Amino acid sequence: MKSAVETLNPTRVRLTVEVPFEELKDSLDAAYKKINQQVTVKGFRKGKIPARVIDQRFGRGAVLEEAVNDALPKFYNEAVNEAEVNPLGQPEVDITELKDGELLSFTAEVDVRPAIEIPDYSGIEVEVDAIEVTDEDVEKSVEQLRERFASTNPVERAAAEGDVVTVDLTAKVDGEVLPDGIADGVSYTIGSGELLDGIDAAVTGLEAGGEATFTSELKGGSAAGKEAEVTVKVTAVAARELPDLDDEFAQMASEFDTLDELKADSRKRLENMKQFDQATQAQERVLEKFLELAEIPVPEKLLEDEVNTRKHNLEHHQLGQMGLSLEKYLELQGKTVEEFEAETKEQAVKGIKTQFLLDELVSTEKLNVEQDELTEHLFRRAASSGMSPDQFAQAVVQGGQVPMLVGEVARGKALAVVVEAAKVVDTNGEVVDLSDDEDEVEAAAETVEAVTGEAEVAEEK
């Protein structure tokens, strides 16, 4: 076999391959054997039909076609390895010549990973928000905990904001009650905004047995997005009572003996949360700067596929679960179709470039993924998917996605290397040291996942 490679552009090559006919012998034998098992010829046992009879009865062309289809992947892979290119996706193959007994020639055009030069990232500087936890933040956190321990007591009066009402709901569209438009015994806290727009005004001032009708756009169900006439009947009113903020509350709501200890713990938790947010912000901004320093061409076909994948997942998974159409989603977001298309393309480009650049850094720095790092990543991904670690691991193995998980961790390690080399200061001018963060790699992996989204580029070799 002879092969040559031609670079069409930085992200696409054409392989030209010539195969002497004798190298097709194994594929020809396999073709005759396969046809033997599929056809019958009077006077011959199944599987024992001579090759000359197959040629006469079914045509030599059918045998050659079967043999070439069998041989192409093997010779294509040999050409790829010989040319030392990293193909992305499936090739476009064109058989240019097939002379029986003499020669098979074909070309294969395929997208490839572009050659990337890692830029000097040692001079990257970014600014992040300072970690500041105010007394007001602590009070708000404790108040939220207090809300969780609130009790409710029935009252015989008109409902007011903050009360918990039990209601029966009936929704009509065009005068007809919807099949899924009746809900009885629904508990709702007035002012929470957790049900339909307009319900707060409708139930406020009603006593048990009171009824009101209002118009609202349905958020889900069979008529999601449509205007409905909703009748709400209040069947019970209960007042919420908050526990006193004292040491007794601290003992009831936490493992602490005093309210001061509870507040101190709340402050520490808030500081940890803000520290995590600060680290994430640093990673995102360092990555932005890193991408700006690099020249990274993006394969057109890969970009087209990535944009289509992102749009499909949004429409058929995320919006589908919410009962929203793309048109309604864009209306709620205040975006035009053109703005959505441009934004999706921009996100896809960034995701692909991020993967290319960090993968190159993984290779350059010879970064390896340790078993404990992969296990930690698997546990986190399992938790975010709502599956047990065992279930998630089994699904990953069965789906052949272990290399994908390894790649995610490796890119996280690559980003962590860049972040550690960068200068990070907060808005107060203080230098932020992220090197002591024990979860730095895992946090960086999360940041990379958020950027790359569906941009998992599969290499075909």
Only one of P87, P114, P73 that is free of Cβ contacts under 8 Å to residues at least 24 places away in the same chain, out of contact with any Leu (no Cβ under 7 Å at 6 or more places or on another chain) and either within 30 Å of Q355 (Cα to Cα) or of a type in the set (K, R) (or both):
P73
Taking A202 as the residue in question, decide whether it is in contact with a Phe, Trp or Tyr (Cβ under 7 Å, 6 or more places away or on another chain) and surrounded by 13 or more Cβ atoms within 10 Å (Cβ to Cβ).
yes
Matching residues, the range 344-364, being of a type in the set (D, E) and surrounded by 13 or more Cβ atoms within 10 Å (Cβ to Cβ)
D359, E360
Qualifying positions in the range 27-76 - within 29 Å of A108 (Cβ to Cβ), of a type in the set (K, R) and either more than 44 Å from the chain's Cα centre (by Cα) or not in a helix (DSSP H, G or I) (or both)
K33, R60
Exactly one of A4, A79 is of a type in the set (A, V, I, L, M, F, W, C), surrounded by 15 or more Cβ atoms within 10 Å (Cβ to Cβ) and at pLDDT 90 or above, and that residue is A79
Go through the range 276-391 and tell me which helices (runs of 4 or more DSSP H), entirely inside it, have 1 or more residues that are out of contact with any Gly (no Cβ under 6 Å at 6 or more places or on another chain), more than 30 Å from E132 (Cβ to Cβ) and touching a residue at least 40 places away in the same chain (Cβ under 8 Å).
300-313, 319-322, 337-365, 371-385
Test: residue in the range 203-216 that is among the hydroxyl-bearing types (S, T, Y), part of a loop (DSSP other than H, G, I, E, B) and either closer than 21 Å to T166 by Cβ or within 35 Å of the chain's Cα centre (by Cα) (or both):
yes
Matching residues, the range 225-246, being assigned to a strand (DSSP E or B) and either among the acidic types (D, E) or under 14 Å from L195 (Cα atoms) (or both):
E227, A228, E229, V230, T231, V232, E241
Contact list, first residue from the range 195-219 and in contact (Cβ under 8 Å) with a residue 24 or more places away in the chain and among the hydroxyl-bearing types (S, T, Y), second anywhere and part of a loop (DSSP other than H, G, I, E, B) and surrounded by fewer than 14 Cβ atoms within 10 Å (Cβ to Cβ), beta-carbon distance below 7 Å, six or more apart or interchain, is T204/E161
Within the range 96-114, the count of residues that are surrounded by 15 or more Cβ atoms within 10 Å (Cβ to Cβ), part of a loop (DSSP other than H, G, I, E, B) and more than 41 Å from the chain's Cα centre (by Cα) comes to 0
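The values are calculated or read from the model by the stated rules, or taken from the named source; none is laboratory data. Just so we're clear, the structure is a prediction, and the values are computed from it rather than from any experiment. For neighbour counting, all protein chains shown are included, and Cβ atoms are generated from backbone atoms with ideal geometry for every residue, glycine included.
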